[in-house]
Amino acid sequence: MDPPRGMDDLLPEDYALISRIIQNVRKLFRLYGYSEIETPPVEYYEVFAAKSGEEILQHMYVFTDRHNRKLALRPEMTAPVARLVAGKLSRRPLPLRLGYIADCYRLDEPQWGRRRRFYHGGFELFGSGDPIADAEILIIVNDFFRNVEISEYFFKIGHVGIHRALMNKAGINEEDQDQILSLIDRGRVDDAMGLAEKHARDQSPLRLFEELIMIKADEAGGLIEKILCMLEDYEEARSAANNLSEIVQLASSVIDSKQLIYHPGFSRGLGYYTGMIFEVYGSLADVALAGGGRYDKLVELFGGRPIPGVGAAIGITRVHQYLTDKLGISSESALPDVYVAPLSKNAWTHCLRISDKLRMHGVAAEVGVTSRSISDVIKTCEKRGIRFLIILGDKEVEHSQITLRDLVKREQAQYPVEGIEEVVRTIKGGT
């Protein structure tokens, strides 16, 4: 029997590579000062209903429990983290840096890069509205991709604040703005402009808005200057563009400016974004491997005090697929440092004690739990790539000894059990 469609079993070799990716995320938690948290995979539906966006809401797993409460499997993590900051973490000093590794669920049509269960690794920074916070998030994500053997990638950058400022000027309310931005995110620009024209009280800002979102993407630094000239008569929109310019300048102190590509028409499907937004793409697939942005009103939406926030989620499942399918990178499941083979029932107790002592010294020891000949054990170890083999037979039990064989050098030596430190040094020196 297979798992439900779009949800994958992870085999040892799959999880070995995913574990490496997760280790890279957790390394960045430590290097940048982010504290790891966990929230439940099941949330109240209302956590996502207000600002997750139409695209997310249409693809959520939603159900009612026996008490008639409407619940959902989390489709993303920023909203639950903001809920946590508004509640249990509301008294913590700011800025507050939080990280997570989480499985999320969306009822998408399964295809490459889209699974119904997927892992995210995220970074959320609360308490700063300054551009340096946005730049830190971009730099963290850049650091991640430098560490996972993806050398050719770029940042697709936009700013929701510019779009919203022009729609504010046109007299379009926030709820209608959310729908318009959602349509743009799905590539339905004509429908978006039709809806905007329907709800606008002033059409002139819309003409600039449409012109803006149709501009071809280019390196952020130069293109933002062009946009600033276009927005000369729109103070709020110009302020947002200046904010993006500052973020790009700061991020460019670490990230190659050629990797920061500004898309004036870029919008993300999540309705809670208020400022800079971004996604990261590899050169070999048109699917975002990471994304994020600024959400200054989200904590307040959950009843908390106004706390600005900015964050990013790395698509661990997508990165895994990209590494394996596009770059041909794989990872074997971890091998033991030594295989411990009891050759008779009399050696079982001796075997377990020796293995325990080895593990106490940090040596990964796998115990043979099936009756096999020594020649079969050697063949298996060589096939798996295990270099060291400990052989424990009746002689070793009688004399309280350890026989250690190096299958690479084809050498074998006996050690007293009391001299297990020498066995440990030999194994660690060769692995």
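Roughly how far apart, in whole Å, are the Cα centres of the stretch 268-333 and the stretch 158-187?
20 Å
List the DSSP H helices in the chain whose Cα atoms stretch 20 Å or more along the helix axis and whose mean Kyte-Doolittle hydropathy is at least 0.5. Walk me through the intermediate numbers first.
Numbers: long enough: 12-32 (30 Å, -0.13); 131-147 (24 Å, 0.68); 235-251 (24 Å, -0.21).
For the chain, where a helix must reach 20 Å along its axis and average at least 0.5, the hits are 131-147.
For the stretch 401-414, what does the Karplus curve 6.51 cos²θ - 1.76 cosθ + 1.60, with θ = phi - 60°, yield as ³J(HN,Hα) per residue in whole Hz, taken in order and with x for Gly and Pro?
Karplus-based 3J(HN,Hα) across the stretch 401-414 equals 10, 10, 9, 10, 10, 9, 7, 8, 7, 6, 10, 9, 8, 9 Hz.
Do the sum for the chain: with -39,500 (n - 2.57) for every DSSP H run of n ≥ 4, divided by all residues, what is the mean residue ellipticity at 222 nm, to the nearest 500 deg cm²/dmol?
-12000 deg cm²/dmol
For the chain, what is the relative contact order in percent, using Cα pairs closer than 8 Å and at least 6 residues apart in sequence?
Relative contact order, the chain: 17 percent.
Residue by residue through the stretch 308-313, what is 3J(HN,Hα) from phi via Karplus (6.51 cos²θ - 1.76 cosθ + 1.60, θ = phi - 60°)? Round to whole Hz and write x for glycine and proline.
Karplus-based 3J(HN,Hα) across the stretch 308-313 equals x, x, 8, x, 8, 10 Hz.
Between 389, 98, 270, where does the largest GNM mean-square fluctuation fall for the chain, given springs only between Cα atoms within less than 10 Å?
Highest fluctuation of the listed residues: 389.
Which far-off residues, 5 or more places away or on another chain, put their amide H under 5 Å from the one on residue 35, with H placed in the peptide plane?
97, 98, 99
Over the stretch 338-430, what is the mean sequence separation of C-alpha contacts under 8 Å (at least six apart), divided by residue count, expressed as relative contact order in percent?
Details: 137 pairs, mean separation 28.5, N = 93.
Once normalised by length, the contact order is 31 percent.
Separation between the residue 132 and residue 407 pseudo-spin-labels, each 7 Å from Cα along Cα→Cβ, expressed in nm?
5.5 nm
Gaussian network model of the chain, Cα springs within a sub-10 Å range: biggest mean-square fluctuation belongs to which of 316, 157, 172?
Residue with maximal mean-square fluctuation among 316, 157, 172: 172.
Suppose every Lys and Arg Cβ carries +1 and every Asp and Glu Cβ carries -1, with no other charges. What dipole size does the chain come out with about its Cα centre, to the nearest 20 debye?
Charge dipole, the chain, about its Cα centre: 1300 debye, nearest 20.
Which far-off residues, 5 or more places away or on another chain, put their amide H under 5 Å from the one on residue 367, with H placed in the peptide plane?
340
Which residues in the stretch 268-284 place their backbone N less than 17 Å from a point set 7 Å from the Cα of residue 256 along the Cα-to-Cβ direction?
280-284
For the chain, modelled as a GNM with alpha-carbon contacts under 10 angstrom, which of 35, 344, 204 fluctuates the most?
Evaluated over the chain, the most mobile residue of the options is 344.
Want the number for residue 44 to residue 382: 0.36 nm per residue separation, take away the alpha-carbon distance, what's left?
116.4 nm
What full-extension length gain, to one decimal in nm, is calculated for residue 94 and residue 301 as 0.36 nm per residue of separation minus the Cα-Cα distance?
72.7 nm
Note the full-extension length gain between residue 103 and residue 344 as 0.36 nm times their separation in residues minus their Cα-Cα distance, in nm to one decimal.
Stretched out fully, the residue 103 to residue 344 stretch lengthens by 82.3 nm.
Ordered by residue, what ³J(HN,Hα) values in Hz, to whole numbers, does the stretch 290-296 give under the Karplus form 6.51 cos²θ - 1.76 cosθ + 1.60, where θ = phi - 60° and Gly and Pro are x?
Values, residue by residue: 7, x, x, x, 9, 9, 7 Hz.
Which residues' amide hydrogens lie under 5 Å from the amide hydrogen of residue 327, considering only partners 5 or more residues apart or on another chain, with H built in the peptide plane?
Here the answer is none, since no amide H 5 or more places off falls under 5 Å of that of residue 327.
For the residue pair residue 8 and residue 334, what label-to-label distance in nm results when each label sits 7 Å from Cα along the Cα-to-beta-carbon direction?
2.2 nm
Here, each number is a calculation from the coordinates, and none is a lab measurement. Remember, predicted model here, so these are calculated numbers, not experimental data. All Cβ positions, glycine included, derive from the backbone under ideal geometry; neighbour counts span all protein chains shown.
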